[in-house]
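Working notes, structure below.
The values are calculated or read from the model by the stated rules, or taken from the named source; none is laboratory data. Everything numeric here is computed off the predicted structure, so don't read it as measured data. Glycine gets a Cβ as well: all are built from the backbone with ideal geometry, and neighbour counts include every protein chain shown.
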Amino acid sequence: MELIATAVARSAAAPARVWERLIDGRRWREWSPATDWMVVEEGLVAGGFVTVKRRRSRQTAWRIETADAHRRLALLLTFGPAASLRIAWTLEPDGSGTLISQTIETGGRLRRWLTDPQARRGAVSWCDDPARLAAIVAAE
């Protein structure tokens, strides 16, 4: 996988509280304005699916690659073996708060045509999401 973008923010809230907000798909729009909603299809477990509806886009099913409560959520969108796009959030304790890291990566032999354009657009529209998430959770 090739790293396309990383965004990092610190929240005064504990990792458990940040995690609760991160997995609450009905409220994603509050911290990710480029997203209308997210729905966990059959439980938040590796191998499961979430459906994400981005603004001005079709809803898309992402496979849950990692769902390690209070630590990491990684979603993977694949185009067969040809290309993939991963967006992941890592939560690390930082004193009494949380360091939130968001990464966007692509992979596969056809990634330059199939996933890189979407990933690069996402890197622009999603770059402030961790900071918004951090601020919202800290204010609650």
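Here is a check on your reading of the model: is residue 57 within 18 Å of residue 4 (Cβ to Cβ) and touching a helix residue (DSSP H, G or I) at 6+ places or on another chain (Cβ under 8 Å)?
no
State whether the residues of the stretch 57-69 include one that is in contact with a Phe, Trp or Tyr (Cβ under 9 Å, 6 or more places away or on another chain), in contact (Cβ under 8 Å) with a residue 24 or more places away in the chain, over 15 Å from residue 134 (Cβ atoms) and polar (S, T, N, Q).
No - not one qualifying residue is present in the stretch 57-69.
Determine, yes or no, whether residue 123 is in contact (Cβ under 8 Å) with a residue 24 or more places away in the chain, under 20 Å from residue 13 (Cβ atoms), in contact with a strand residue (DSSP E or B) (Cβ under 6 Å, 6 or more places away or on another chain) and hydrophobic (A, V, I, L, M, F, W, C).
No: the conditions fail for residue 123.
Do you know which of the residues in the stretch 45-60 that are farther than 21 Å from residue 127 by Cβ and modelled with pLDDT under 95 is surrounded by the fewest Cβ atoms within 10 Å (Cβ to Cβ)?
58
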